[in-house]
Amino acid sequence: MKKNENKRVQRTKNSLKKALLSLLKIKTFDDITITDIIKEADYNRGTFYIHYEKKKDLLDDLMKKY
């Protein structure tokens, strides 16, 4: 995480990452849509696009953790 991100941004990104991980248990990455992610995370599409351009960017951000 970037040092200049506030807690609200961190919380949002963490929720999106958790949603993706949860969906990966039941679907392949290619079958997961942004709609699936935002519904699982309980955010709207605009919020997703504030932080990520595409779902691959979310996956890349998630993978940085490991």
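With everything on Cα atoms, drop me the angle between helix 55-64 and the longest principal axis of the chain, reported from 0 to 90° to the nearest 10. That works out to roughly 60 degrees. For the chain, the spread of Cα positions along the three principal axes, ordered from largest to smallest, is 33, 27, 18 Å. With both labels modelled 7 Å from their Cα along Cα-to-Cβ, the Thr28 to Glu5 distance reads 2.9 nm. For the chain, the dipole from Cβ point charges (+1 on Lys and Arg, -1 on Asp and Glu) about the Cα centre works out to 360 debye, to the nearest 20.
Values in this text are rule-based calculations from the coordinates and carry no lab data. All values derive from a computational prediction rather than experimental measurement. Here Cβ is always computed from backbone atoms with ideal geometry, including for glycine, and neighbour counts include all displayed protein chains.
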